[in-house]
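Below is one structure; the comments refer to it alone.
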Amino acid sequence: MATAGTLLSHVYPIGARLNERGVLELGGCDALELAREFGTPAYVVVEDDLRTRAQAFVEAGRAAGHENLAVVYASKASACTALLRLFAQEGLWCDVASGGELHLALAAGFPAQRLLMHGNAKSREELRLALRHRLGLIVIDNLDEIQRLAGLLGGEEGDGAGGPAQGVLIRVTPDVRGDTHEKISTGQANSKFGFGMDQIGDAIQRVREIAGLELQGIHAHVGSQLLELEPFRRAAQQLAQLGVFPTWDLGGGLGVAYTAAQHPPAIEDYVGAVVGAAREYLGEHSRLLIEPGRSLTANAGVTLYTVESVKRNVSTWVAVDGGMSDNLRPMLYNAGYEAEIVDRFGGDTACVLAGKHCESGDVIVKDAHLDDPRPGDVVVTPATGAYGHAMANNYNGVPRPPVIFCSGGNARLVVRRESFDDLTFRDVI
Ligand SMILES: *Cc1c(COP(=O)(O)O)cnc(C)c1O
């Protein structure tokens, strides 16, 4: 059994440890007390961890000698007002992929000039909103979008015309494959995102014909959860064929450790490699954008659950009070996670950590090792700070969990738990 005072692996938030009583401590807060105060399931996020990682990206750009690097947080990884506000304060940009994400980012205090809009199916209304605010950049994905923008800027709808030009990038699929899950690989030629290398010339020409749009450069996102740096280099090398542009956006995708066996590149090494590749292939003086999502938030957050039942048949089934309504990644991508009982780390009972939902596939961790799990135990799954809260849903009428920020021993609620009334209040009868 792990002993008191032990620092935990890199899967846990920075500074997480077992306290004198042998209980998991996050941002100086005792996990058992958090569970008691806020209930479970709950997302717990260590604020200083978010800040440290945000600063690491910015500092790494400086250390690599890049004067014009923008770190653009991909808000789809996790978006609530408190978290977005923190990244806005740290000077990051933010990328949004819908009108709703735009609303969240503006409400959190991001200036419009530091926002970038993505999406392969942007509606007229979403584009109208983007133009009205004159976002820093719109990333154009397809020909229909170019037409739609031309219509709006041409005043066809009495909106969007006039004012300064709208800066845009054009998204290309560089035909580089990263070694990652098919569902989060985006850089291959047959992708639903962006223009192919053979189509981009036409797209560039069409955008340049539209008064009111200013083509600033090219965007490419190879894929997500990449644990090697080589695909980023290859993408930059591919993009160089397209010519000289004032701005290059190399997307996100730096992988994170979901389990202790995974060792992703350090933020510094990733930024160093991307800056190096940009310098080598894309020119010394262009502005460079990178769009980290999970690498800013995944390991800053954990989920706390309470064990409701323990059943023994072929396996030992430890069923908790959440599951695929608060973490879809195991079901969507077969993603692996770890689990521990917060006050008895390091157990060796092989068990399946199952959720409470009416699906056999509702399994959070297939191969957990827990210390003699019993009903009432509080269990932690680390590395749920990205695509957990963001993908949460109400399957089986389960209210979505709260988000709690911890720092220096203080805990504060930043998203409240949904109530049963929240489940019915939109219904019209
Ligand atoms: C998802 C996405 C990101 C962020 O991906 P992570 O794996 O979370 O870093 C960045 N850019 C684009 C265009 C994306 O779709």
Once the dipole of the stretch 118-292 is set up from charges on Cβ (+1 Lys and Arg, -1 Asp and Glu), the residue from the list PHE193, ALA260, ILE140 lying farthest towards its positive end is ILE140
Averaged over all viewing directions, the convex hull of the alpha carbons in the stretch 118-292 casts a projected area in nm² of 10.3
Looks like the stretch 30-124, by Cα gyration tensor root eigenvalues a ≥ b ≥ c and the a/c under 1.5 rounded cutoff (else prolate when a/b is bigger than b/c, oblate otherwise), is oblate
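Using the Cα centre of the stretch 118-292 as the reference point, and only Cβ charges (+1 on K/R, -1 on D/E), how large is the resulting charge dipole? Debye, rounded to the nearest 20.
In total the dipole reaches around 180 debye.
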P(r) of the stretch 214-267 over all Cα-Cα pairs, 10 Å bins starting at 0, rounded to whole percent, reads 22, 44, 24, 9, 1
Computed for the stretch 337-429: size of charge dipole around the Cα centre, +1 on C-beta of each Lys and Arg, -1 on C-beta of each Asp and Glu, debye to nearest 20, value 400
Under the Karplus relation with 6.51, -1.76 and 1.60 and θ = phi - 60°, whole-Hz ³J(HN,Hα) for the stretch 366-372, x at Gly and Pro, equal 6, 10, 7, 10, 10, 8, 6
Taking Cα pairs closer than 8 Å and at least 6 residues apart, the relative contact order of the stretch 118-292 in percent is 18
Scaled by the rule-of-thumb 2.2 N^0.38 Å, the alpha carbon Rg for the stretch 373-423 gives a ratio of 1.34
Restricted to the stretch 118-292, the DSSP antiparallel beta bridge percent, nearest 5, is 5
Here, GluC sites (Glu not before Pro) of the stretch 232-302 satisfying both criteria (DSSP loop; at most 13 other Cβ within 10 Å) are GLU284
Filtered hits (aspartates and glutamates, Cα-Cα < 12 Å from LYS76, offset >= 8 within chain) -> ASP95, GLU101, GLU291
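Which shape class, rounded, prolate or oblate, goes with the stretch 25-65 when its Cα gyration tensor gives a ≥ b ≥ c as root eigenvalues, a/c under 1.5 marks rounded, and past that a/b bigger than b/c marks prolate?
prolate
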Per-residue Cβ contact counts at 10 Å, fewest first, order THR424, THR259, THR40, THR384 as THR424, THR259, THR40, THR384
Computed over the stretch 324-429, the distribution of all Cα-Cα distances in 5 Å bins, rounded to whole %, is 2, 11, 18, 20, 20, 16, 8, 3, 1, 0, 0
For the chain, the dipole about the Cα centre with charges only on Cβ (Lys and Arg +1, Asp and Glu -1), to the nearest 20 debye, works out at 400
dims of the chain, Cα set, principal axes, largest to smallest, nearest Å -> 67, 57, 41
Of all DSSP beta bridges having both residues in the chain, the percent classed as antiparallel (nearest 5) is 50
The stretch 302-368, Kirkwood Rh and Cα Rg, ratio Rg/Rh at 0.92
With a Förster distance of 35 angstrom and the Cβ-Cβ distance between THR81 and THR6, calculated FRET efficiency to the nearest 0.05 equals 0.55
Gyration tensor on Cα atoms of the stretch 271-338, a ≥ b ≥ c root eigenvalues, a/c under 1.5 rounded, else prolate if a/b beats b/c, else oblate, says prolate
Residues ILE200, ILE364, ILE14, ILE429 in order from fewest to most other beta-carbon atoms within 10 Å are ILE429, ILE14, ILE200, ILE364
Rh (Kirkwood, all Cα-Cα pairs) for the stretch 337-379, Å, reads 10.7
Taking a straight Cα-to-Cα line shorter than 17 Å from LYS192, and setting aside same-chain lysines fewer than 8 residues away, one finds LYS122, LYS183
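Here, each number is a calculation from the coordinates, and none is a lab measurement. All values reported here derive from a predicted model rather than from experimental measurement. Neighbour counts are summed over all protein chains in view; Cβ atoms, including those assigned to glycine, are modelled from backbone coordinates with ideal geometry.
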